[in-house]
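K.L.:
Before we start, here is the structure in question, set down as structure tokens.
The values are calculated or read from the model by the stated rules, or taken from the named source; none is laboratory data. The model shown is predicted, which means the values in this text are computed figures rather than measured ones. Methodologically, a virtual Cβ is constructed for each residue, glycine included, from the backbone with ideal geometry; neighbour enumeration extends over all protein chains shown. Heads up: the accessible areas ignore ligands, DNA and RNA and are worked out on the full protein's heavy atoms, side chains in. Shrake-Rupley method; radii C 1.70, N 1.55, O 1.52, S 1.80 Å.
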Amino acid sequence: MLVLIQRVSQAAVHVDAHVVGQIGPGLLALVGMEPGDSEAQLQRMADRLLGYRVFADEAGKMNRSLRDTGGGLLLVSQFTLVADTASGMRPSFTTAAAPAEAERGFNRFVEICREKHAYGVETGRFGAHMVVSLVNDGPVTFLLRP
């Protein structure tokens, strides 16, 4: 499991020109599921995601987390994140979880995040062609591993 987070002032996901998820200030998280991702990994990743300190404190240092700020969280499934790009000129997706496994894992990850983050969790639509728009604040972008 890999999660690419971006601190945003706003972000939205459109499917067929309709907004399916959007947030104001907070985190956009692109989530890539790998074969065998476990419940323990999902729980740990949710804790890392919600507790990762990427927001400024009073002194301007990155010392506040999404939990601290009460910001929005937009989760978007993205299988291309876990592609094998080590060789050649075309990505291989053998390192990504199969669609059914990835959907189960992603949906469980969304449930866990909703249980742990009362301020609201929005999502894209699994398996759909999504148009993701965002205003990256900083820019601040990190790749999280469990």
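K.L.:
Kindly evaluate Pro139 against the criterion of being more than 17 Å from Gly32 (Cα to Cα) and either surrounded by fewer than 17 Cβ atoms within 10 Å (Cβ to Cβ) or hydrophobic (A, V, I, L, M, F, W, C) (or both).
P.N.:
yes
K.L.:
Write out, first by first residue and then by second, each pair whose Cβ atoms fall under 6 Å of each other, whose residues are 6+ apart or on separate chains, and whose first residue, in region 87-104, is free of Cβ contacts under 8 Å to residues at least 40 places away in the same chain while the second is assigned to a loop (DSSP other than H, G, I, E, B) and surrounded by 15 or more Cβ atoms within 10 Å (Cβ to Cβ).
P.N.:
As it stands, the answer is Pro91/Ala83; Phe93/Ala83; Glu103/Phe126, since those pairs meet every condition given.
K.L.:
Considering every residue within region 40-58, establish whether at least one is over 22 Å from Pro139 (Cβ atoms), open to solvent by less than 40 Å² (accessible area, probe 1.4 Å) and in a loop (DSSP other than H, G, I, E, B).
P.N.:
Looking through region 40-58, none of the residues is over 22 Å from Pro139 (Cβ atoms), open to solvent by less than 40 Å² (accessible area, probe 1.4 Å) and in a loop (DSSP other than H, G, I, E, B).
K.L.:
Could you go through region 89-105 and let me know if any residue there is of a type in the set (A, V, I, L, M, F, W, C), more than 17 Å from the chain's Cα centre (by Cα) and open to solvent by 90 Å² or more (accessible area, probe 1.4 Å).
P.N.:
yes
K.L.:
Check Gly72 against each of (1) open to solvent by 20 Å² or more (accessible area, probe 1.4 Å); (2) in contact with a strand residue (DSSP E or B) (Cβ under 7 Å, 6 or more places away or on another chain) and name the one condition it does not meet.
P.N.:
Gly72 satisfies all of (1) open to solvent by 20 Å² or more (accessible area, probe 1.4 Å); (2) in contact with a strand residue (DSSP E or B) (Cβ under 7 Å, 6 or more places away or on another chain) except (1).
K.L.:
Still on this model: Among the residues that make up region 21-29, is at least one of them open to solvent by 40 Å² or more (accessible area, probe 1.4 Å) and under 19 Å from Val135 (Cβ atoms)?
P.N.:
Yes, some residue in region 21-29 is open to solvent by 40 Å² or more (accessible area, probe 1.4 Å) and under 19 Å from Val135 (Cβ atoms).
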